[in-house]
Amino acid sequence: MIKAEWFYWLVGALFLVMAAQMAADRTNPKRFGTAAFWGLLGAGFVYSSWVVDKSAPAEPLGAAVLVMICLAAFGFTGRGKPRTTTTEERRASARKHGSKLFIPALTIPAVALVCAVLVPKLSFGGTPLLQKGSETILGLGVGAIVALVLAMVMLRDKKVAAPLHAGRSMLESMGWAMLLPQLLATLGTIFAVSGVGKQVGIITEAVLPHDSVLIAVVVYCVGMFLFTVIMGNGFAAFPVMTAAVGWPVLIEQANGNAPAILAIGMLCGFCGTLVTPMAANFNVVPAALLELKDQYGPIKAQLPTAVALLGCNIVIMAAFAF
């Protein structure tokens, strides 16, 4: 049986190899800080296995996270010049292969879908091929490996180090922002467990006039927008604002249509995603990868659309959800 743990070990090993490359790269003036940041991340993937089975304490993981925060916050990470293809070589390859270059990328979700839907039905001697409950994450890993092999065959690149150098280049371009989605997801969990939504609900019910559905709609929609801006993720804001206003006020007190209110509420959260640097994978990482002069250019361009869509969502909810 293929275990999810093996996939995490592979990811950790890749980070450790890339960290070794970074430490040896003299073109990066901050090579040791950069290598330490990504090396700690890779070591965390491996060490976590012992934490999960309770054979090792969790405190070293927390200490590693604090060290990583210090390395990133005080500017100890930087960017080198990995040995990868030039811009001209990439343009020539794009002209030669055309749309076929998308095949490896599309292979990943296709393989993940097969692993999630069909492979769970396979077993050998009564033992499933993939660890039960982890078929999707394992499918993602298998898909990535298949896509890598496919890309190397298509491009006729026999150098095993080539994808490592290219991956390292992307890591250094994205920097610490690559980890922001995971940190924000953790923040959402902490908010939900600590009862932030319940406390916001108590305050909101004390302030809101009981007969004004329109004001409650505005509070819910704008709250979803603002919490998403703060937390960087609509799914993290959703349990907080829905527990505070959406369910108790709009659905139970005002007898609103639950599917409509919750769906439109999520759309209001997505409006916040458009205007927050906390949604790094949408707004910061693409700017870094495209090497835009203005890091916040995507947010500035998306701001008018986000505000207009938020207004439309408020009107739609008030008009059709009650």
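The values are calculated or read from the model by the stated rules, or taken from the named source; none is laboratory data. Quantities reported herein were computed from a predicted structural model and do not represent experimental measurements. FYI the Cβ positions are ideal-geometry reconstructions off the backbone, even for glycines, and counts take in every protein chain you see. SASA here: full protein model, heavy atoms, side chains in, ligands and nucleic acids out. Shrake-Rupley method; radii C 1.70, N 1.55, O 1.52, S 1.80 Å.
Can you classify segment 17-81 as rounded, prolate or oblate using the Cα gyration tensor, where a ≥ b ≥ c are the square roots of its eigenvalues, rounded means a/c under 1.5, and otherwise it's prolate if a/b beats b/c and oblate if not? Before the final figure, lay out each step's value.
Details: a/c = 4.59, a/b = 1.95, b/c = 2.35.
Judged from the Cα gyration tensor, segment 17-81 comes out oblate (a/c at least 1.5, b/c at or above a/b).
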Candidates 177, 56, 237: whichever shows maximal mean-square fluctuation once the chain is modelled as a Gaussian network with Cα springs under 10 Å: 56
Qualifying trypsin sites (Lys or Arg not before Pro) in segment 26-85, DSSP loop, other Cβ atoms within 10 Å at most 11: 26, 54
In sequence order, calculated HN-Hα J values of segment 40-49 (Karplus, 6.51, -1.76, 1.60; Hz; x Gly/Pro): 5, 4, x, 5, x, 4, 6, 5, 4, 4
Distance in nm between pseudo-label sites at residue 149 and residue 84 (7 Å out along the Cβ direction from Cα): 2.4 nm
Per the chain, cysteines lacking a partner by the 4.7 Å Cβ criterion: 70, 115, 271, 312
For the chain, size of Cβ-based charge dipole, Lys and Arg +1, Asp and Glu -1, in debye: 1460 debye
Label point distance in nm, residue 190-residue 319, each placed 7 Å from Cα along Cα→Cβ: 4.1 nm
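Given a 1.4 Å probe and heavy atoms of the protein chains only, how would you sort 300, 293, largest accessible area at the top? Mind dumping the intermediate values first?
Working: 300 130, 293 215 Å².
Per-residue accessible area, sorted high to low, gives 293, 300.
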Cut-off under 5 Å, modelled amide H: who pairs with residue 28 long-range: 81
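Using the Cα gyration tensor of segment 70-143, with a ≥ b ≥ c the square roots of its eigenvalues, what is the shape: rounded (a/c below 1.5), prolate (a/b larger than b/c) or oblate (neither)? Walk me through the numbers before you get to the answer.
Numbers: a/c = 4.03, a/b = 1.50, b/c = 2.68.
The shape class here is oblate.
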Greater than 24 Å apart at Cα, pairs in 3/81; 96/293; 81/159; 96/158; 81/293; 3/121: 3/81; 96/293
Phi to ³J(HN,Hα) by Karplus 6.51 cos²θ - 1.76 cosθ + 1.60 over segment 58-63, Hz, x for Gly, Pro: 7, 4, x, 5, x, 5
R0 of 45 Å, Cβ-Cβ distance residue 124-residue 206: FRET efficiency to nearest 0.05: 0.15
Residues listed by number, segment 289-322, amide nitrogen under 18 Å from residue 257 label point at 7 Å toward C-beta: 312-322
From phi via Karplus (6.51, -1.76, 1.60), per-residue ³J(HN,Hα) for segment 133-141 in Hz, x at Gly/Pro: x, 10, 4, 5, 5, 5, x, 4, x
Surface accessible to a 1.4 Å probe, residue 53 within the full protein complex, Å²: 90 Å²
Distant-in-sequence amide H partners of residue 2 (H built 1.01 Å from N, under 5 Å): 130, 131
